[in-house]
1. Among the residues of the stretch 123-153, what is the count of those that are in contact with a Leu (Cβ under 6 Å, 6 or more places away or on another chain), of a type in the set (A, V, I, L, M, F, W, C) and under 17 Å from ALA174 (Cα atoms)?
2. I'd like to check something: does the stretch 450-457 contain any residue that is under 24 Å from THR367 (Cα atoms) and not charged (D, E, K, R)?
3. Which count do you get for residues in the stretch 331-369 that are in a helix (DSSP H, G or I), touching a strand residue (DSSP E or B) at 6+ places or on another chain (Cβ under 9 Å) and under 23 Å from ASP395 (Cβ atoms)?
4. Based on this model, can you work out whether VAL153 counts as out of contact with any Gly (no Cβ under 9 Å at 6 or more places or on another chain), surrounded by 17 or more Cβ atoms within 10 Å (Cβ to Cβ) and either of a type in the set (Asp, Glu) or not assigned by TED's automatic domain parsing to the domain that holds GLU308 (or both)?
5. Return the residues of the stretch 274-288 that are assigned to a loop (DSSP other than H, G, I, E, B), in contact (Cβ under 8 Å) with a residue 40 or more places away in the chain and surrounded by fewer than 23 Cβ atoms within 10 Å (Cβ to Cβ); say none if nothing qualifies.
6. Give me a count of the residues in the stretch 28-49 that are in contact (Cβ under 8 Å) with a residue 40 or more places away in the chain and either part of a strand (DSSP E or B) or over 29 Å from ALA195 (Cα atoms) (or both).
7. Look at the stretch 236-259 and say how many of its residues are under 25 Å from PRO306 (Cα atoms) and not in a helix (DSSP H, G or I).
Amino acid sequence: MTISLCVIAGNETAHIKTMLDSFVGIIDELSLVRAIGSQEPDDTEQLARDWCERNAVPIVFSDYRNGVTAQAWRHVDSFARARNQAFAQGTGDWLLWADCDDVLTDATDLRERLKELTEDVLMLRCPYDVRGTGKKLQRERIIRRTAFASGRVWHHDVHENLLLLPNDLHNEWAVPVWRHQPVAIKQSNRKRNLAILGRSIAESATQYFYVHQEHYCAGNKTAAEQFGRIALSFPNLDDSFRYEVQLNLARLVASRREALQFALGAHGVFPWCREAIASVIMLAFERNDGRRASFWAERMMSLPEPKEKDRPWTHEVKWYGWAGLDLAARSYRLADNPRKADGLQWAFHKHEKPAIRLTQKTLGDSTRSVSFREAWLGTAAQPETVEHVFLVRPDDKETMAMSKQFIHDVGQPRAVERAMISVHIEDGMVPPHDWDKLVLASGVTLIDAENIKEILAAKKP
């Protein structure tokens, strides 16, 4: 049994080696397609060839050429066609793929598991961990070459999917995991995807959804709302897409009443999922409505994490862990039920005292303050080990009103408990991923806004 890794590569000198290193000992062949539009090539091909020579892995290489109307583009014009080219030149019994800014994890027994499969299993879907979003998507990752050769090819120019036949058997695996791990966020990717979609768009619900999603992620609120409404007008829009569009529109529209309608509409699509209820709770926060927030918090906390087959593709794990507990605790505090909030907070910290107390000094803009709080907790490797405390001024009416939802101090920070590391930050400070590991490794027990930047800039342990 042989395995080919099929890769589409732009100019990816910053990523290609790290990605390939995660496949050492797993693949028997690299099928590499360079897709750079009208750009001059960098050293990506040579780095890939050098890696293959060091690891005794054969390489098959070719260039993808854009269509006639996209010759001047500085990027690929169809991910589906480029991926089909990479798969077509692979010779392994199994064809798997990764983007250059992905890494493979938990794959030590991949070969043995593939050998155990019956011949009727044509494809395997595995988790895709998009760091910083709380989402783990199931993507088509591994396909038999015989299945690809007989017509199970990639389609859609952007966000390509594998075209399976109705009775094709595929398995869902929890491991290995593909982790999205770019060196930096590629802001140009949104413009690229919109250009591709604009060229290929047809009267289809799926394409309108993806145009909406690209505009939403790029921050183009007016266009995202426009295309989202169009996508919802299609009665055949996939339930997962309908769920995601309505959640996005609940965050986009100006009218709170309409936002609530979209959030409740999403809840109606997947009533056993927590994402939509979290959206309803946050809309209640905007109205300072503790009664409704706590009502929906009860409902949210009663829902267990759904099985894979019952989840939308945008399933957000965080609402079934620390983020769900935290949101519910905020709801109960707003509803003047601090005892119940404290109980949830205790569950959030897994019945142990947190190792880090994160005190955030805030003033004036409560929405901005909350977003930075979420950024710090969301990027922590172990948020359950962090106790967050807002430090507010008694004369600041806006943040005083906001702080009711949270653990907070007024005027002066509380005394630090023994064995806790005290970290002081201010609004506007953006943390790196796994910042709590850097804090714990620093050996410093009192960290203020002056030395926090130096500690967070240190090499990760």
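The values are calculated or read from the model by the stated rules, or taken from the named source; none is laboratory data. Bear in mind that the values here come from a model prediction, so they are computed numbers and not experimental data. Here the Cβ is made from the backbone with ideal geometry for all residues, glycine too, and neighbour counts use every protein chain on show.
1. So the count comes out to 2.
2. Yes, there is a match, as at least one residue in the stretch 450-457 is under 24 Å from THR367 (Cα atoms) and not charged (D, E, K, R).
3. Number satisfying all stated conditions: 1.
4. When the stated conditions are applied, VAL153 passes them.
5. ASN288
6. 5
7. Residues flagged as under 25 Å from PRO306 (Cα atoms) and not in a helix (DSSP H, G or I) within the stretch 236-259 amount to 3.
Listed here are the residues, each with its yes/no results for (1) β-branched (Val, Ile, Thr); (2) buried (at least 21 other Cβ atoms within 10 Å of the Cβ); (3) under 27 Å from MET429 (Cα atoms).
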site: MET300; (1), (2), (3): no, yes, no
site: SER331; (1), (2), (3): no, yes, yes
site: GLY343; (1), (2), (3): no, no, no
site: ALA347; (1), (2), (3): no, no, no
site: LYS361; (1), (2), (3): no, no, yes
